[in-house]
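Student: I'd like to ask you about the structure that follows.
Taken together, the values in this text are just the output of simple stated rules run on the coordinates, not laboratory data. Owing to the predicted nature of the structure, the values given are computational and were not obtained by experimental measurement. Cβ sites come from the backbone with ideal geometry, for glycine too, and all protein chains shown count toward neighbours.
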Amino acid sequence: MSEISAGRVAIPPLSADRWDDARFDAERAKILATWPTGADIDLADAAAFHKKRAPLTNVPRKRAWAKETGNVLIQPYGGVTTLAGQTELIRYLAEEGGADIVPTTIDSQTRNLKFAAAEEALRASERQGAELMNGFPIVNHGVAKTRQLVQAVEVPVEMRIGTVFPQLAVETGFAGGMSSVTAGPIYYTAHYSRDTSFAETISNWQYVFRLIGRYAELGVPIGLQIHGIGTSTPFPNTLLGACCVLETLMAAAQGARSFSIDARLMGNMVQDVAGVRAIREVAEDYVCRRFGYHDAMITMDRKSWSGRYPEDIARAYGIVCYNAFTGMLAGANEFIANSVQEGVGIPVKETNADTLKAIRQVVGMMRGQQAMLQAEPVENETRLMKLEMSAILDAVLDLGKGDPARATELGFRYGLIDIPFAASRQCKNEVMVARDAEGAVRYLDPGKIPVPREVLAYHRDCLDKREAARRRKIDYQTIVDDIFSISRGILVID
């Protein structure tokens, strides 16, 4: 079997229904045969390895502990080519940076199933003593070396993998002792792939979700960090939240139960605080109550701004600390920390650790204060965001006859779910947004997204106030300015 064909399988009719054992086992045999290291993966042996580890080296247990005790977790990004380099990196982030969960970002060759090319680059890196890849080629390293990596630290390891073909990499990571992975099918189709269909990516990720269910049946909880949807430009957190709910429902149907759900920094304090609160409430409502997954654990992580960062590191510290401040106001359980070096190149471990320390300072000072912004603006924004997310979810779930997988595929097909500047041709790309006078992200044109009239009227009123203040209409240049405004040090450029 060729490498790429292993990710592209015949897709049965799309459904969120749990895969039966025959389907999963047949698919698994094909996946593990894709590359020689797959032969070393054994589910029972992997479960036994996980059970020998200390409880708080497991990501779901660490997140549950933090939620119960009121602690706030911090996790950076990071991934390099060699085992020695990745070991040095995560040790430094844990010991010097104080990371509660350490990352292993997977390289782009692996993410595209180019394992032969990854093998060549790995061997060249080892010969030259250099890190030549943009992540850790986990499939080529295999289970034994991944276990060496995981055992090098006393904190949990989460695999960070942006791909529509996750199966073999995730199998290797879980068998190697990693206990969580970033997901899933909506985000990685819309943001990471031009031509892959939602149906194909959903099927590929259902394999991962069912694998997590298999581990759960063996007594090993495996976590998911749910991304929903997003780009590197301003967009409404409501779209992210609705897609997070759909991804979570698809994963829960296959047996996953531990979910850390994203909310993204956009810059306006009221909206950023309301976003975390609204997404949490809507996720708990749909996942735990409406769909009946009462044993699901949902926590909220706050990711920082994903667009351009200033080249001036001192100014970049302002962004990451602002993210920590607003996240603490919102009650976030975890921070996913971009390095302050994002604007100048690939971050080095020292700067990455310094970023974690800066965030930890803010978290430590704000913990337990129960600080609140003005109640009325936050409550109103939260109410409108919940109203919008529910309207989107109800519309697409109705379209999919209650099935979240079908709802996702049909929702994007007909434009009921959309995102500005998506990489994927599967998205309509009809929705446009702009910042209002206070920097909040508002709909300039919702496309076909079923945004309630009350919400649209409020957004239009907010945009009207910006246009009145600047004495001209919001145009294409305004939208471009809004994309780069954070990196330029001011939220609203007029």
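Student: Starting from the Kirkwood radius over alpha-carbon pairs of the range 3-366, derive D by Stokes-Einstein at 37 °C in a medium of 0.692 mPa s and give it in µm² s⁻¹.
Tutor: Approximately 162 µm²/s, per Stokes-Einstein.
Student: While we're on this one: Normalised radius of gyration for the range 304-377, please: alpha carbon Rg relative to 2.2 N^0.38 Å, two decimal places. Write out the running numbers ahead of the final one.
Tutor: On the way: Rg = 13.1 Å, N = 74, 2.2 N^0.38 = 11.3 Å.
My calculation over the Cα atoms of the range 304-377 gives 1.16.
Student: Find which of Cys462, Val220, Val245 sits farthest along the positive direction of the dipole of the chain, computed with +1 on the beta-carbon of Lys and Arg, -1 on that of Asp and Glu, about the Cα centre.
Tutor: Cys462
Student: Compute, for the chain, the length of the dipole vector about the Cα centre, with Cβ point charges of +1 (Lys, Arg) and -1 (Asp, Glu) only. Units Debye, rounded to 20. If you can, show how the numbers build up before the last one.
Tutor: Details: 56 positive and 60 negative charges, 24 e Å.
Taking the Cα centre of the chain as origin, the dipole is about 120 debye.
Student: Let me ask another. Counting helices only, and only those DSSP H runs with n ≥ 4, report the 222 nm mean residue ellipticity of the chain as the sum of -39,500 (n - 2.57) divided by its residues, in deg cm²/dmol to the nearest 500. Spell out each step's value before the answer.
Tutor: Working: 19 runs with 247 residues, N = 494.
Rounded to the nearest 500, it is -16000 deg cm²/dmol.
Student: Let me ask something else. Sticking to Cα atoms, compute the Rg of the range 228-371 to one decimal and its Dmax as the biggest Cα-Cα distance, whole number, in Å.
Tutor: Every Cα atom of the range 228-371 included, Rg and Dmax give 15.8, 48 Å.
Student: Considering the dipole of the range 3-366 built from charges on the beta carbon (Lys and Arg +1, Asp and Glu -1) around the Cα centre, which of Met328, Leu132, His50 is farthest to its positive end?
Tutor: Projecting each Cα onto the dipole axis, the largest value belongs to Met328.
Student: Put one equal scatterer on each alpha carbon of the range 424-494, apply the Debye formula with no solvent term, and list log10 I(q)/I(0) at q = 0.16, 0.19, 0.22, 0.24 1/Å to two decimals.
Tutor: Debye output, listed in q order: -0.58, -0.78, -0.98, -1.09.
Student: Then there's this: Pulled fully out, how much extra length does the chain show between Gln148 and Lys30, if you take 0.36 nm times their separation in residues and subtract their Cα-Cα distance?
Tutor: On the way: separation 118, 0.36 × 118 = 42.48 nm, distance 2.64 nm.
Here the segment from Gln148 to Lys30 would lengthen by 39.8 nm.
Student: Something else now. Hey, could you grab the Kirkwood Rh for the range 314-460? Inverse mean 1/r over distinct alpha carbon pairs, Å, one decimal.
Tutor: Values: mean 1/r = 0.0550 Å⁻¹.
Averaging 1/r across every pair of different Cα atoms and inverting gives 18.2 Å.
Student: Tell me, in nm to one decimal, what length is gained between Ala375 and Ala124 on full extension, where the rule is 0.36 nm per residue of separation less the Cα-Cα distance? Don't jump to the answer; show the numbers that get you there.
Tutor: Numbers: separation 251, 0.36 × 251 = 90.36 nm, distance 5.73 nm.
Working it through step by step, the gained length comes to 84.6 nm.
Student: Along the range 423-431, what does the Karplus equation 6.51 cos²θ - 1.76 cosθ + 1.60 (θ = phi - 60°) give for ³J(HN,Hα), rounded to whole Hz, x for Gly and Pro?
Tutor: 6, 7, 6, 6, 8, 5, 6, 9, 7
Student: Give the cross-link partners of Lys52 among the lysines, using a straight C-alpha distance below 23 Å as the criterion and excluding same-chain residues fewer than 8 apart.
Tutor: Qualifying lysines at Cα under 23 Å: Lys62, Lys145.
Student: Quick one: which of 130-138, 81-89, 234-242 comes out on top by average Cβ neighbours within 10 Å, and what's the full order, highest first?
Tutor: Numbers: 130-138: 22.7, 81-89: 20.0, 234-242: 26.9.
Answer by packing, highest mean first, reads 234-242, 130-138, 81-89.
Student: Sort out for me the Cα centre separation of the range 141-209 from the range 378-454, rounded to whole Å.
Tutor: Measuring centre to centre over Cα atoms gives 27 Å.
Student: Another question, then. Among His227, His294, what is the fewest-to-most ranking by other Cβ atoms within 10 Å?
Tutor: Details: His227 25, His294 8.
Taking fewest neighbouring Cβ atoms as first place, the list is His294, His227.
Student: Something else about it: Enumerate the calculated ³J(HN,Hα) couplings along the range 14-27 in order (Karplus 6.51 cos²θ - 1.76 cosθ + 1.60, θ = phi - 60°), each rounded to whole Hz, writing x wherever the residue is Gly or Pro.
Tutor: Once rounded to whole Hz, the list reads 5, 7, 7, 4, 4, 5, 7, 4, 5, 5, 5, 5, 5, 5.
Student: Which residues' amide hydrogens lie under 5 Å from the amide hydrogen of Phe335, considering only partners 5 or more residues apart or on another chain, with H built in the peptide plane?
Tutor: Leu73, Ile74, Gln75, Arg302
Student: Hey, what do the phi angles of the range 188-196 turn into as Karplus ³J(HN,Hα) couplings, whole Hz, using 6.51/-1.76/1.60 and θ = phi - 60°, x for Gly and Pro?
Tutor: Karplus values, whole Hz, x for Gly and Pro: 7, 7, 5, 9, 10, 9, 7, 10, 5.
Student: Now, a different point. My understanding is that a pair violates if its Cα-Cα distance is over 29 Å; which of Lys386/Lys448; Lys30/Lys349; Lys428/Lys473; Lys67/Lys303 do that in this structure?
Tutor: Details: Lys386/Lys448 18 Å; Lys30/Lys349 38 Å; Lys428/Lys473 25 Å; Lys67/Lys303 17 Å.
In this structure, Lys30/Lys349 lie more than 29 Å apart at Cα.
Student: I would also like to ask the following. Which one of Ser179, Gly230, Met159 has its Cα pushed farthest toward the positive end of the charge dipole of the chain, where Lys and Arg give +1 and Asp and Glu give -1 at the Cβ?
Tutor: Of Ser179, Gly230, Met159, it is Gly230.
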